[in-house]
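The values are calculated or read from the model by the stated rules, or taken from the named source; none is laboratory data. None of these values were measured; they are calculated from a predicted model. Reconstructed Cβ throughout: ideal geometry from the backbone, glycine too, with neighbour counts over all protein chains shown. What goes into the accessible areas is simple: the full protein's heavy atoms, side chains included, and nothing from ligands, DNA or RNA. Shrake-Rupley method; radii C 1.70, N 1.55, O 1.52, S 1.80 Å.
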Amino acid sequence: MQNTKEKLNELNTHKAAGNQAAFNKILFEFMPHFRKVIHHKIRQMEFRGELPKNMYSAQGLVDEVYLRIFREQNREPYDENYLKARMFGIAKKILNEWKEKESGERARISTETLWENEMKALDEQYVVDAEGELVLLEELDDISYHQDEYGENLILIEEDQIEEIAQALALKDNDEPLTETEKKRLGKAYSDLPETSRAVVDYVVFGKLNEAQVASVLDVSIENITEMMGKVKARFLSVLKR
């Protein structure tokens, strides 16, 4: 079984030789979960209406990421942190390109403003409504709120991924699986996260990136990522304890 250093060395060798097929194979072995994360992100964008359903494929995006990395000027030797952040950074750029192509316009908001809005949104509190359902406090005053709007169709995550989040973020003190109620609440809490906050969770839990690598992908400080993950975990714990 090759270790990470050996895989990175092989990437350099295959790139120098112009062997893209072998290069792609090593990239897949380096991050076998990469395609799963991309599929998850595309599905979320389809749910939000940012991409038409079944128009874009995870494999197509992964192939494009591999191609762009292969065509880049050599950066030898490859560094693990750089390569992981670079792969997700390119994927993020492609997803934004697809989104802009569908919307016909470029989002005009600064990173600083976006981050401030995200952090404020994470401070919103959950309450239990008259029917016993978990909702954000502001939703109780929203005229568009209806009980059936919070059904399965608005959950942006698969059931097994909910359990994966709980384990990765150590949301339970023991090894017991989540109850059905806990899965439902955690799934809703995840789906209600602001877009960038949800992306950070995806990168950490499903993409297996550390906070420094996520900071590199999003072009923010490590302190920003640490603070955001702290707020996200606090929100998740709050819904599990209700």
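Of the peptides 120-126, 230-236, 200-206, the order by per-residue mean of other Cβ atoms within 10 Å, starting with the highest, comes out as 200-206, 230-236, 120-126.
Residue ranges 81-94, 164-177 sort as 81-94, 164-177 when ordered by packing (mean number of other C-beta atoms within 10 Å per residue, highest first). Using the 1.4 Å probe convention, the accessible area of segment 160-228 works out to 44 Å² per residue with neighbouring protein chains retained. Debye-formula intensities of segment 40-79, expressed as log10 I(q)/I(0) at q = 0.18 Å⁻¹, are -0.61 (one equal scatterer per alpha-carbon, no solvent). Give the average over all directions of the projected area of the C-alpha convex hull of segment 1-49, one decimal, in nm². With every direction weighted equally, the projected area is 4.3 nm². The alpha carbons of segment 155-242 give a radius of gyration and a Dmax of 12.6, 37 Å, in that order.
Taking the inverse of the mean 1/r over every pair of distinct Cα atoms in segment 1-94 gives a Kirkwood hydrodynamic radius of 14.0 Å.
Taking the centroid of alpha carbons for each part, segment 1-53 and segment 220-242 are 28 Å apart.
How many percent of the accessible area of segment 152-200 is carbon or sulfur, using a 1.4 Å probe? Result for segment 152-200: 43 percent of the exposed heavy-atom area is carbon or sulfur. Here the accessible area of segment 1-125 is 48 percent carbon and sulfur, with a 1.4 angstrom probe and all protein chains present.
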